[in-house]
Amino acid sequence: MRNHRLYPLAFSLLLSLPLWAQEPEEPAKKTPIAFLQMHDEQVNALLKDTPTDSLTPALQDSLKERINAAFDFGELSKLALGVYWQERTPEQQTHFVNTFSGIIREQNFDSFLRYYREGNIRYVGEEIEGDKATVTASIPLERETVTISYDLHRRENQWRIYDLTIDGTSTAEGNRRRYERYIKKKSYEQLIGQLDKQLARLLESRQ
């Protein structure tokens, strides 16, 4: 897979109330593509007329909130740990979600900021089956075109992204395989320790 840094080894802060909940139209009535387009408009509104080198810390934080607000990090965390999720205590599950969320939050920022800056995200396909949907997007960048498939489900009457497949590689599946190998070779405790360190390094690099 290309080095898009979209699926890593984890995530930290669970996000506050989704921004689209403030929209006058009920989120559940939106199609998945309409939901994603609304999400993109919110991000682009922040980026409008903002030079690349003028992202203040406050603006970066706002962009991270907007970019990541569409994701269901709880579900992504369950998928990342696979069979090992049920073996964790509630406290361990919360710890994992917070750490995993934090890492993805930082890494999504870099990747999607590039997509919004360089390309115009075009949604080219939509399949809906009950409370689940898949949306295909094409992003023409300066040196390549990236294809992303968004897997979404409805939670509390809102569409949320629970997996991304980038150029044919699933985020959730890639994480699950990586973590499963690590836990079998070492232990869950060592895995979460490494993820905590990774998140700390990412946050430190932003300062």
**Message:** Tell me yes or no: at least one residue of the stretch 142-151 is closer than 20 Å to L36 by Cβ, touching a helix residue (DSSP H, G or I) at 6+ places or on another chain (Cβ under 9 Å) and modelled with pLDDT of 95 or more.
**Reply:** yes
**Request:** Considering every residue within the stretch 52-71, establish whether at least one is part of a loop (DSSP other than H, G, I, E, B) and under 18 Å from R160 (Cβ atoms).
**Result:** yes
**Prompt:** Which numbered condition trips up T99, out of (1) surrounded by fewer than 18 Cβ atoms within 10 Å (Cβ to Cβ); (2) hydroxyl-bearing (S, T, Y); (3) at pLDDT 95 or above?
**Reply:** (1)
**Asked** If you go through the stretch 75-104 one residue at a time, how many are in contact with a Lys or Arg (Cβ under 8 Å, 6 or more places away or on another chain) and farther than 21 Å from R154 by Cα?
**Response** 3
**Request:** Check A69 against each of (1) crowded, with 21+ Cβ neighbours inside 10 Å; (2) closer than 19 Å to K30 by Cβ and name the one condition it does not meet.
**Result:** (1)
**Message:** When the residues of the stretch 129-141 are narrowed to those that are in contact with a helix residue (DSSP H, G or I) (Cβ under 9 Å, 6 or more places away or on another chain) and surrounded by 15 or more Cβ atoms within 10 Å (Cβ to Cβ), which ends up nearest to W159 (Cα to Cα)?
**Reply:** A133
**Item:** Residue ranges of strands (runs of 3 or more DSSP E) in the stretch 110-171 with at least 1 members more than 17 Å from the chain's Cα centre (by Cα) and in contact (Cβ under 8 Å) with a residue 40 or more places away in the chain
**Value:** 122-129
**Request:** Can you work out which of the residues in the stretch 102-127 that are among the aliphatic types (A, V, I, L, M) and closer than 26 Å to P140 by Cβ is surrounded by the fewest Cβ atoms within 10 Å (Cβ to Cβ)?
**Result:** V124
**Fill in**
Per the filter on the stretch 26-45, residues modelled with pLDDT under 85 and either aliphatic (A, V, I, L, M) or surrounded by fewer than 17 Cβ atoms within 10 Å (Cβ to Cβ) (or both) are E26, A28, K29
**Asked** Hey, does the stretch 138-149 have a residue that's hydrophobic (A, V, I, L, M, F, W, C), over 18 Å from F71 (Cβ atoms) and touching a Lys or Arg at 6+ places or on another chain (Cβ under 9 Å)?
**Response** yes
**Item:** Filter result for E87 (surrounded by fewer than 22 Cβ atoms within 10 Å (Cβ to Cβ), out of contact with any Pro (no Cβ under 8 Å at 6 or more places or on another chain) and within 27 Å of E189 (Cα to Cα))
**Value:** yes
**Message:** When you check R117 against the structure, is it among the basic types (K, R), modelled with pLDDT under 90 and out of contact with any Asp or Glu (no Cβ under 6 Å at 6 or more places or on another chain), yes or no?
**Reply:** yes
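The values are calculated or read from the model by the stated rules, or taken from the named source; none is laboratory data. Given the structure is predicted, the values throughout are model-derived calculations rather than measurements. Glycine also receives a Cβ, built like all others from the backbone with ideal geometry; neighbour counts cover every protein chain displayed.
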